[in-house]
């Protein structure tokens, strides 16, 4: 119970993480005292030896994993001290000049004598501390992790440790971006972007029993976007709002919430229908955005937006039917859109959306040079559109490539070509080699501005549950569910998925054994040889 009137309680928790590596100690004595040190309280005893940073001293600390929050500097000196703090998702970022967009990553602090200061509201793994004028005797420097402590009902495990690590990293990426709202990036772009939410929403619905952050985020953008304005000032993001509404209802069967969206849904559907010409081609206004990978590809963007518009009106017609509205108008638009099939060229993002929406099967585009020209955002839809075995190989090479070079969360963008002459983000940059963080990136994510924990990159987790574990809802809320595991080259898979009726557990192996445990209230559609318990 709150002791304050008119307060709003934070739903998140705080936890302390401690140094796993001291990577730099210059003009510092006894830096080893910080390793795995779990002290968090100031004290004035001189009994034990402490880490001492002399003036112009430097420390670089590694906390072992990407986190969201800040740090607590605990000073036992009898004088205050001034320090420079730099947060980094990579060693390069902490050692360089971090970008200040959306959160402060590089600042000077006054540390009180015989006390502590907490600072930071960002994503990081590494922290560099420099003393500026006076000596600092440290009891400890602890990371303060702030996150939503949610039960992970959805689980995935297989015979392939690399695939398992990719799943776990995807979930960690997703959960860090679940803060006050669903963020796009927890270091930079600490904002609610409606299109970027879709992979995150699909992951939340597949993994967590508490999905309350989804309607909170959907309503946040709706309320900021009175029609005829477009969400986030991007035409496709208003389309994604309709698709996201459908996904949320399909998993939760929350008809009361859906009814609250009816007026906006009908008006938005009418607005979007005005962006379609007499031949069924989309003509949405600026900003015409599919993903950054294809920002300078107008042909690929048009093909992708055509598929996305078809997907939108397919979702809209289903929502109209659920709401017992006359869905003839969105169905007519849907049929009209199907008549215009643009050439997506070599644009894989467009090919994936065209395939998923049913506009055209363009898996042929996805199979050409399959590990290149992929984005971490639309990579999720590429995974869904391809055959499972091809998707598993994409996971191993593309998402696995980030892990090979030190990622504990997945990045805003990534290209395997970046790895040709680089070192991991967990190590100091090397002369004569490229800096994997500082030297790459395009458009809005150049250099150290590039986010290394981006929610839209978490698509592997829902993909593995839906397509590999093979759990697909046939009715809203999951009263009827199809379970058809597709193992590809995996020897076995096991996992679980939440529903409003309870948890479903699945095990399958290459010998054809399928075991399913589900609540009696759920009707299971599966192969004849499956054992349901």
Looking only at Cα atoms, what is the convex hull volume of the chain per residue, in Å³? 173 Å³
Between residue 56 and residue 503, 0.36 nm times their residue separation minus their Cα-Cα distance comes to what? 155.3 nm
To test your reading of the geometry: what angle, between 0 and 90 degrees and rounded to tens, separates the Cα axis of helix 348-357 from the longest principal axis of the chain? 50 degrees
Over the chain, what is the relative contact order in percent, taking alpha-carbon pairs closer than 8 angstrom and at least six residues apart? 15 percent
Residue 480 versus residue 444: modelled label distance in nm, points set 7 Å from Cα along the beta carbon direction: 4.2 nm
Considering only C-alpha atoms, what is the centroid distance from the range 333-403 to the range 19-53, in Å? 50 Å
Highest mean first, how do 344-357, 82-95 rank when packing is the count of other Cβ atoms within 10 Å averaged over residues? 344-357, 82-95
Sequence-separation-based contact order of the range 155-467, relative, with Cα cut under 8 Å and 6+ spacing, percent: 24 percent
Stokes-Einstein, Kirkwood over Cα pairs, the range 155-467, 4 °C, 1.567 mPa s; D in µm²/s equals 65 µm²/s
Please order 247, 263 by the number of other Cβ within 10 Å, starting at the fewest. 263, 247
Given the -39500 (n - 2.57) contribution per DSSP H run of 4+ residues, what per-residue ellipticity at 222 nm results for the chain, rounded to the nearest 500 deg cm²/dmol? -8500 deg cm²/dmol
As a footprinting exposure proxy, order 250, 456 by other Cβ within 10 Å, with the fewest listed first. 250, 456
Give me the distance in nm between label points sitting 7 Å out from Cα along the Cα-to-Cβ direction at residue 295 and residue 209, one decimal. 4.2 nm
By how many degrees, 0 to 90 and rounded to 10, does the Cα axis of helix 235-252 deviate from the longest principal axis of the chain? 80 degrees
If we count other beta carbons within 10 Å of each Cβ, what is the order of 252, 79, 131, fewest first? 79, 252, 131
Mean projected area (nm²) from the convex hull of Cα positions in the range 13-147 is 7.2 nm²
FRET efficiency for residue 427 and residue 107, Cβ-Cβ distance as r, R0 = 25 Å, nearest 0.05? 0.50
For the range 469-532, what's the relative contact order in percent, using C-alpha pairs closer than 8 Å and at least 6 residues apart? 29 percent
Between the range 164-213 and the range 96-150, what is the separation of their alpha carbon centroids in Å? 25 Å
State whether the range 170-261 is rounded, prolate or oblate according to the following rule on the C-alpha gyration tensor (a ≥ b ≥ c being the square roots of its eigenvalues): a/c under 1.5 gives rounded; otherwise a/b larger than b/c gives prolate, and the remaining case gives oblate. oblate
May I ask you to order 323-329, 364-370 by the average number of other C-beta atoms within 10 Å around their residues, highest value first? 364-370, 323-329
Nearest-0.05 FRET efficiency for residue 257 and residue 364 at R0 = 41 Å, using Cβ-Cβ distance, is 0.55
Rounded to the nearest Å, what's the spacing between the alpha carbon centres of the range 418-433 and the range 466-533? Just the number, please. 43 Å
For residue 416 and residue 532 in the same chain, what is the full-extension length gain: residue separation times 0.36 nm, less their Cα-Cα distance, in nm? 37.5 nm
Packing-ranked peptide list from 278-284, 501-507, highest mean Cβ count within 10 angstrom first, is 501-507, 278-284
Take residue 180 and residue 472, extend 7 Å from each Cα along the Cα→Cβ direction, and tell me the distance between the two endpoints in nm. 4.0 nm
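Each value in this text was obtained by applying a stated rule to the coordinates, not by laboratory testing. Nothing here was measured: the structure is a model prediction, and the numbers come from that model. Neighbour counts run over all protein chains shown; Cβ positions are idealised from the backbone, glycine included.
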